[in-house]
Amino acid sequence: WLPAFAPADSILLDSNAWTGFSAIFGFLIVFRTSQAYNRFSDGCTATHRMRAEWFDACSALVAFSAFSKAPKYKVCRFKNMIVRLFSMLHAAALAELEELNHGVDDLDGIAAFSFKVIDPGSLDMESLLALKNSGSKVEMLLFWIQLHIVQNIDTEVLSISPPILSRAFQEIANGMVAFHDAVKITYIPFPFPYAQICDTLLIMHWLIVPFVVCQWVRSPVWAGIFVLLQVVIVWSLNFIAVEIENPFGCDANDLDGCYMQDEMNRFLLMLVTPEACRTPYLVGDHVDLTVAKAEQRTRSFNAIWRAIGEGDVS
């Protein structure tokens, strides 16, 4: 008990003022944390949508070329080139999103440029140097992909109907839209004045709360416990907001760009494997599902895979 605050009209004995301050202060901190989580969630969503759209486009282009009437060596070169370009595009996008990219002149300082891409050394030296010196690597790689598609329309490697082929261009464009949605998060930080106000209020709360709590409890131990709980909770919420408001970086709580790039490479390489390029077909004794009285055949993946191992898939 502090004698200085003993008068009945003490502001600390009348809790209305403290309640109002705590309500406004708590709202500001919780709102900041909520907005930081929304930025984190939106960044994750945009990045995964970007990858999904670009993989869909690459998958469609490889599928369109599978039944081309052009010579096989042209089709093979097209598949090899398009897979490499999409792998490089994804890595360049992750590098652009990386928060350390802002104002970095040395490319070695950007972690995403250390991620593995699919055999970039097979491209000509002039193109690689142009890409290295470009300040718009994502846009350049996007344009190269579009040029490569248009070029192989002319060579009849992509002889698919134009309305269907335009779907691939649309998916590439959708991926770029998702990329720029993610760019907004890494380029536009959380409003600085709001963050400074929160920091100022945190310090004020930290200084005031011991004087307030000591009026409500008699034991110094309980006073210390309640002060510690209040201070730790609000400062923890603020630090969480600071940590997650930008998910693109190299911190432990940021998106794992290296894993995303490795996964994208694995997906792209799968497109050119012989197993993926063959078309499944029905065996001779298959059940005709269009027959009304046919027994419905439903089995799990595990069941059919066990049957394959035992040599019986009937």
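Structure notes:
- GNM top mover of Asn238, Asn152, Asn133 - the chain, alpha-carbon springs below 10 Å: Asn133
- Hz values of 3J(HN,Hα) by residue in the stretch 233-239 - Karplus curve (6.51, -1.76, 1.60), Gly and Pro given as x: 5, 6, 5, 5, 4, 5, 5
- For the stretch 219-232, Karplus couplings with θ = phi - 60° (6.51, -1.76, 1.60), whole Hz, Gly/Pro x: 7, x, 5, 5, 4, x, 5, 5, 4, 4, 4, 5, 5, 5
- Probe 1.4 Å - accessible area at His180, Å² to nearest ten: 90 Å²
- Rounded accessible area per residue of the stretch 169-275, 1.4 Å, Å²: 57 Å²
- For the pair Val232 and Ala111, label points projected 7 Å from Cα toward Cβ lie 2.9 nm apart.
- Residue with peak Gaussian network fluctuation, the chain [Cα springs, cutoff 10 Å], from Leu147, Leu61, Leu85: Leu147
- With a threshold of 29 Å on the Cα-Cα distance, the over-threshold entries among Lys137/Lys184; Lys74/Lys184; Lys69/Lys137; Lys132/Lys184; Lys79/Lys137 are Lys74/Lys184; Lys69/Lys137.
- Potential lengthening between Ala52 and Cys277 on full extension [0.36 nm per residue; Cα-Cα distance subtracted]: 79.0 nm
- Most mobile listed residue (Arg218, Arg84, Arg51) in the chain, GNM with C-alpha springs under 10 Å: Arg218
- Dipole of the stretch 207-314, positive end: most advanced residue of Trp216, Tyr281, Ser300 [Cβ charges, Cα centre]: Trp216
- Option label - volume of the Cα convex hull per residue in Å³ computed here, alternatives [x] 267; [y] 189; [z] 138: [x]
The values are calculated or read from the model by the stated rules, or taken from the named source; none is laboratory data. The structure presented is a predicted model; accordingly, all values stated were derived computationally and were not measured. A quick note on method: Cβ atoms are made from the backbone with ideal geometry, for glycine too, and the neighbour counts reach across all protein chains shown. All accessible areas refer to the heavy atoms of the entire protein, side chains included, with ligands and DNA or RNA removed. Shrake-Rupley method; radii C 1.70, N 1.55, O 1.52, S 1.80 Å.
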